[in-house]
Amino acid sequence: MSALALFGGNKAKRKAFPVWPYYDEKEERALKEVLESRVWWRTPGTRTLEFERAFAAFHGARHGIAVTNGTAALEVTMAGLGITSGDEVIVPEIANSRGLALIEDSAHAHASEWRGQRIGTFGVAGTFSFQASKLITAGEGGMIISNDDNFEVQARSVHDSGRMPGQWFYSHYIYGSNYRLSEWQGAILNVQLSRLDEQTKRRHQNSRLLDRLLSEIPGITPQKLDERCTRNGQYAYIFHVNNKKFAKISTERFIAAMNAEGIPNQASYPPLHELDMFRSGEYRKRLSGKQAKQKHRFLKKKFPVTQKAAWETAWIPQPALLGDEEDMHEIAAGLAKIQKNAKELV
Ligand SMILES: Cc1ncc(COP(=O)(O)O)c(C=O)c1O
């Protein structure tokens, strides 16, 4: 019989991985407290406010504005900075040298560090997501952190329909919307945050162990960790698969074999420029003025590095990285088995 689980062999992964999202009686208590307080709304509440302060402080920022999700965090940030349709948003590398506002989309990167400094504090604002797959979660949720007092006032007002703290509830000063996070989510996230440091250390350490174990498998190249990244939040463990060492099987076939072995995985994100919305031109409906009619070069370009990153990598999602050393060895053994028996997958 084949050694591969896909063809009836024993699964490489015998022990169950930790479940995600993790919770215990602390979340239960926090939710019950919100329920019984009857203060479920953020505006008069304390939980979301407390979470804003704790999350910002955790990352070394003075301000935190909790919002409904990571997309809203980006929208509020841009509105808070006065970025509007017709303005240009570019990649971050050159922002500092040109005096432009740097926004860090840190949706996946909670607790990560670059040269010892926590993510989200390098530019004017950092944005985060608390959607279900993220490193702490309330199902949905988002956050903007900042050390810029002026920006904080603007962004906080945008997230609360243009209100200003301390003013009459029905005075709306600027153009905003309702992006407020509920007290339920604030309460859960407070508890989730209390575990983030320990969980980040575990994910980081397990990932470094996988770096060592997986680099011994022909055809597998772990994503390189830049030495300036002093702590990686590890939203996922990503590695490149050279299919020449895997009997030229497709990434889909490789993933099917991984699934059968009991090794969790998630699809890589597809290249953005290939999404239907861009191919069909539908995205132009959100543009105005000159921009709506301009030819956009990104539609014609090939982006081979993006293609490679999207279609030749496999991702192990973060909950698996909360396992123990034995789990990491089982993952490596499963991948080594697939490589050794790859010819059977052709
Ligand atoms: C890089 C990035 N930015 C923003 C978001 C949006 O976050 P949300 O799903 O909470 O709206 C995501 C979602 O995964 C993301 O990956």
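The values are calculated or read from the model by the stated rules, or taken from the named source; none is laboratory data. Because the structure is predicted, anything quoted here is derived from the model rather than measured. All Cβ positions, glycine included, derive from the backbone under ideal geometry; neighbour counts span all protein chains shown.
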Q: For region 154-186, name all the residues that are out of contact with any strand residue (DSSP E or B) (no Cβ under 9 Å at 6 or more places or on another chain), within 19 Å of R53 (Cβ to Cβ) and charged (D, E, K, R).
A: E183
Q. Would it be correct to say that Q154 is surrounded by 14 or more Cβ atoms within 10 Å (Cβ to Cβ) and within 16 Å of the ligand (Cβ to nearest atom)?
A. no
Q: Tell me the helices (runs of 4 or more DSSP H) entirely within region 9-124 that contain at least 3 residues that are farther than 30 Å from A292 by Cβ.
A: 25-37, 47-58
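Is there a residue being under 15 Å from A56 (Cα atoms), assigned by TED's automatic domain parsing to the domain that holds R62, within 16 Å of the ligand (Cβ to nearest atom) and of a type outside the set (S, T, N, Q) anywhere in region 179-186?
Step one: of region 179-186, the residues under 15 Å from A56 (Cα atoms) are 186.
With assigned by TED's automatic domain parsing to the domain that holds R62 added as a condition, the list becomes none.
Among the residues of region 179-186, not one is under 15 Å from A56 (Cα atoms), assigned by TED's automatic domain parsing to the domain that holds R62, within 16 Å of the ligand (Cβ to nearest atom) and of a type outside the set (S, T, N, Q), which makes the answer no.
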Q) Can you tell me which residue in region 76-103 is nearest to the chain's Cα centre (by Cα), limited to those that are crowded, with 20+ Cβ neighbours inside 10 Å and within 14 Å of the ligand (Cβ to nearest atom)? A) I103
**Q.** The lone exception for A57 - which of (1) within 16 Å of the ligand (Cβ to nearest atom); (2) surrounded by fewer than 22 Cβ atoms within 10 Å (Cβ to Cβ); (3) within 30 Å of G323 (Cβ to Cβ) it fails
**A.** (1)
Q: Could you tell me which numbered condition D211 fails, if it satisfies all but one of (1) surrounded by fewer than 20 Cβ atoms within 10 Å (Cβ to Cβ); (2) in contact with a Lys or Arg (Cβ under 6 Å, 6 or more places away or on another chain); (3) assigned to a helix (DSSP H, G or I)?
A: (2)
Q.
Restricting to region 155-181, count the residues that are in a helix (DSSP H, G or I) and over 12 Å from A125 (Cα atoms).
A. 4
Q. Can you find even one residue in region 43-59 that is within 25 Å of the chain's Cα centre (by Cα), at pLDDT 95 or above, closer than 16 Å to A155 by Cβ and of a type in the set (A, V, I, L, M)?
A. yes
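What is the residue count in region 106-119 for residues that are within 16 Å of the ligand (Cβ to nearest atom) and either at pLDDT below 95 or under 17 Å from N147 (Cβ atoms) (or both)? It would help to see each step written out before you state the result.
Applying the first criterion (within 16 Å of the ligand (Cβ to nearest atom)) to region 106-119 yields 106-112, 119.
Next, from what is left, pick out any that are either at pLDDT below 95 or under 17 Å from N147 (Cβ atoms) (or both): 106, 119.
Qualifying residue count for the region: 2.
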Q | S161, sole failed condition from (1) on the phi > 0 side of the Ramachandran plot; (2) within 23 Å of the chain's Cα centre (by Cα) | A | (2)
Q) Name the pairs whose Cβ atoms lie under 6 Å apart, with the first residue in region 127-156 and in the same structural domain as A66 (by TED's automatic domain parsing), the second of a type in the set (D, E, K, R) and within 14 Å of the ligand (Cβ to nearest atom), and 6 or more positions between them or separate chains? A) T127/D105; Q131/E140
